[in-house]
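J.: My structure is below; once you've seen it, I'll send some questions.
Nothing in this text is a laboratory measurement; each read-out follows from the coordinates by a stated rule. No experiment lies behind these values; they were computed from the predicted model shown. Here the Cβ is made from the backbone with ideal geometry for all residues, glycine too, and neighbour counts use every protein chain on show.
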Amino acid sequence: QAKRLGGNQWRVYTPEMRSATVEQLNLESSLRKAIFRDEFIVHYQPKVSLASGRITGMEALVRWQHPTMGLLHPSRFIPLAEETGLISVITERVLAQATRQVRQWQDAGLGRLRVAVNIPPQQLHKGDLIDVLQQALHDSGLAASQLEVELTETSLMEEPEVAIEVFRQIRAMGMTIALDDFGTGYSSLSQLRRFPLDTLKIDQAFVRDIGHCTEDGAIVRAIITMAHQLGMTVVAEGVETAEHLEFLTHERCDYVQGYHISRPVPAEQMEAMLRAQQATMASPAAKAH
Ligand code: C2E
Ligand code: MG
Ligand code: MG
Ligand code: MG
């Protein structure tokens, strides 16, 4: 059976494809329900500054608290959310939750923290990203300088002129921009010079084999050096071992994020970490330094 798609495009459906489609429809309708019932929650993964050894910010990572399937990670629903356009509602929810949360922590005396939120490529080209960001800042009372936008190379490569213009506006508002998963796409650092970026996040694929694989160590070292020469801050993702941490400290990476420090955790656990950090800073022993 061929289905007319409009124009002269035809697509042939096989029985396997049909069942996949039914599954997708189920997921799509439960995704719509999830938005209605507000089942999305934000987990936080700390970013540690290697200069101070302290948690100075965190990345907001969405989870779906599904009524029967439990806690679902983004890989289970973000692709479908992107396909169906539901991603923009999810992005707004994550932005609202994360900015409010970080402002609350600040009001509770836990520090002036920065939060990074993942923005999908479509959102960048939809035209309302600036308004959405402005709204989140306005509603939460968070300062623009405390919000970082994480984008992947995909966002830059389609319609780069549009991307550059949106980036300029984001920075004019006082927010910063991080390029996520760097090294997995096709862009080179020389191409990146065209984009106003503040931060480069080295993909965990390169960090993983530091120490075991000399090439990956060399790649990470080169990325850090070049990013610094271009005036960018570097975050290493997927820091899983003391060995990774030691290498990155030695190579003057700026921030680290990974299971070695903490997995992404619910807000209450993130808050407990911040309180523990606060306690060590306030103690007489720490003050003596
Ligand atoms: P990402 O932005 O690159 O986020 C980092 C991912 O690496 C997270 O997976 C995190 O849990 C995982 N990770 C962190 N440290 C380690 C480590 O030491 N080892 C390993 N193996 N993994 C580590 P997560 O939370 O499953 O998110 C996956 C991706 O989903 C994210 O990649 C991001 O692209 C996307 N995503 C997450 N939250 C959102 C969101 O709110 N909106 C959108 N559009 N995408 C999101
Ligand atoms: Mg990210
Ligand atoms: Mg990443
Ligand atoms: Mg990723």
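J.: Give, to the nearest whole percent, the P(r) tail of region 206-249 beyond 12 angstrom, counting all Cα pairs.
T.: The proportion of pairs with Cα distances above 12 Å equals 57 percent.
J.: For the chain, compute the number of Lys pairs whose alpha carbons are separated by less than 26 Å, excluding pairs fewer than 8 positions apart on the same chain.
T.: Close lysine pairs under the 26 Å cut-off: 4.
J.: Right, here's the next one. Return the tail of the calculated pair distribution for region 54-94, meaning the percent of Cα-Cα pairs more than 11 Å apart.
T.: Percent of Cα pairs beyond 11 Å in region 54-94: 70.
J.: Go ahead and run the numbers for FRET between residue 193 and residue 154, Cβ-Cβ distance against an R0 of 30 Å, rounding to 0.05.
T.: About 0.95, to the nearest 0.05.
J.: Can you tell me the convex hull volume per residue for region 71-228, based on C-alpha atoms, in Å³ to the nearest whole number?
T.: Output value, Cα hull per residue: 144 Å³.
J.: Between residue 252 and residue 108, with labels modelled 7 Å along Cα→Cβ, what's the label distance in nm to one decimal, could you check?
T.: It works out to 3.7 nm between the two label points.
J.: Using all C-alpha to C-alpha distances in region 115-204, build P(r) with 10 Å bins and read off the rounded percent in each one.
T.: Going out from 0 Å in 10 Å bins, region 115-204 shows 16, 55, 25, 3 percent.
J.: Roughly how many Å is it from the Cα centre of region 217-249 to that of region 108-142, as a whole number?
T.: Region 217-249 and region 108-142 have Cα centres separated by 26 Å.
J.: Now for a different question. Using just the helices of the chain, give the 222 nm mean residue ellipticity in deg cm²/dmol: DSSP H runs with n ≥ 4 each add -39,500 (n - 2.57), and the total is spread over all residues, rounded to 500.
T.: -15000 deg cm²/dmol
J.: Another one. Taking Cα atoms, how many degrees apart are the long axis of helix 160-172 and the longest axis of the chain, rounded to 10 and kept between 0 and 90?
T.: 40 degrees
J.: Quote the relative contact order of region 136-224 in percent (integer), defining contacts as alpha-carbon pairs under 8 Å separated by 6+ residues.
T.: Reported as a whole number, the value is 24 percent.
J.: From the C-alpha coordinates alone, can you work out the Kirkwood hydrodynamic radius of region 161-289, in Å?
T.: Mean inverse Cα-Cα distance, inverted, gives 16.5 Å.
J.: Cα extents of region 28-83 along the three principal axes, largest first, in whole Å?
T.: Cα spread of region 28-83 along its principal axes, largest to smallest: 47, 22, 17 Å.
J.: Tell me, what are the semi-axes, in whole angstrom and largest first, of the equivalent ellipsoid of the chain as set by the roots of 5 times the Cα gyration tensor eigenvalues?
T.: Largest first, the chain gives 34, 24, 20 Å.
J.: Another question, if that's okay. Using 1/(1 + (r/R0)^6) with R0 = 25 angstrom and r between the beta carbons of residue 243 and residue 263, what's the FRET efficiency to the nearest 0.05?
T.: That gives a FRET efficiency of 0.85.
J.: In nanometres, what is the gap between the two model label sites at residue 82 and residue 100, each 7 Å from Cα along Cα-to-Cβ?
T.: 2.7 nm
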